[in-house]
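Participant: Questions regarding the structure given below will be posed in turn.
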Amino acid sequence: MKRPVGPPPRGPGRQCTGTEAARGNSSPLLRATRGKDGFRPRIPVAPLAGPYPSGVHVSVSTMTSLPAAPAPAPLDEAADLAARLLAALGFDLTSSELAATPGRMVRALKEMTTPPTFTATDFETTAEPGQLVLVRDIRFVSMCEHHVLPFTGIAHIGYVPRKRILGLSKVARVVHHCARRLQVQERLTGQIADWMVEHLDPAGVAVLLSAEHTCMTLRGVGATGSRTTTSSLRGVLLDDPAARAEFMSLAVSAP
């Protein structure tokens, strides 16, 4: 099933259905990632014109569990404000070396906080019942919403299919789509798991992120080399100790 995924609508998130409420448990590390308002209901979608090969379906949907992307602003106006910020910090923008810096600064920040769109493709599953699908070592870059400094890391995404499997490259695109915005790692972890639950309806989902935050390694405490690890587990990968142990052992083992 192909689903173009772009900036989601404004609002507090979608409301959990009864089925998701029963199985969509977060791990103890991330019980508060969904926010007090929960999630919005999914928006009805209309199928695109076919026909398509057996087992492949196409429809348009919206990633409703993420906050709205910021409204576009003229980059020239943003560059003027960036110039004022740099000048207020004491930098001499009359210098030829710094004359173009505000524009570069704005374009870089815009690029790093604009979620890339993609088309999510899924197929009828050929996996055995209870089989774990794991895509590990997905590198990502996100921006700390507290200091507007990058944090970089790797993601391990596992799920137990029920009826649909996601194209492998699309798992990485889900991570990049959720990460490319002002974020905190705890919320990012839960949002990736939410996407997998909402779009695939799997028997279980597990997300494990490990990242280095430059807001604490390059400034402040200067904890060089420190990493933060977060997890979000749903369904059988939360409730079944053997399934959870299988995911964790495969995710952290050497390649």
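Participant: Determine the gain in length on full extension of the stretch L182-T126; use 0.36 nm per residue of separation and subtract their C-alpha separation, reporting nm with one decimal.
Facilitator: 16.5 nm
Participant: Then there is this: Want the number for M112 to K163: 0.36 nm per residue separation, take away the alpha-carbon distance, what's left?
Facilitator: Roughly 14.9 nm would be gained on extension.
Participant: Please report the net charge: other residues with Cβ closer than 12 Å to the Cβ of F140, K and R +1, D and E -1.
Facilitator: +2
Participant: Using the beta-carbon distance between R139 and D239 and R0 = 25 Å, what value does 1/(1 + (r/R0)^6) give for FRET efficiency, to the nearest 0.05? Walk me through the intermediate numbers first.
Facilitator: Values: r = 30 Å, r/R0 = 1.20.
The calculated FRET efficiency here is 0.25.
Participant: Count charges around I154 for me, please; just the other residues with Cβ under 11 Å from its Cβ, Lys/Arg as +1, Asp/Glu as -1. The partial results should precede the final answer.
Facilitator: Details: positive: R136, R139, R227; negative: D137, E212.
Once positives and negatives cancel, what remains is +1.
Participant: Filter the GluC sites (Glu not before Pro) in the range 116-225 down to the DSSP loop ones having no more than 14 other Cβ atoms within 10 Å, then list what survives.
Facilitator: Passing sites in the range 116-225 are E145.
Participant: Hey, another quick one. Please give the length that would be gained between A88 and R219 if that part of the chain were fully extended, namely 0.36 nm times their separation in residues minus their C-alpha to C-alpha distance (nm, one decimal).
Facilitator: Here the answer is 45.1 nm.
Participant: Among 82-89, 155-162, what's the highest-first ranking by average C-beta atoms within 10 angstrom per residue?
Facilitator: Descending mean neighbour count gives 155-162, 82-89.
Bear in mind these aren't lab numbers, they're just calculated from the coordinates by the rules spelled out. Keep in mind that this is a model prediction, so the values were computed, not measured. Using ideal geometry, Cβ is built from the backbone for each residue, glycine included, and neighbour counts are taken over all protein chains shown.
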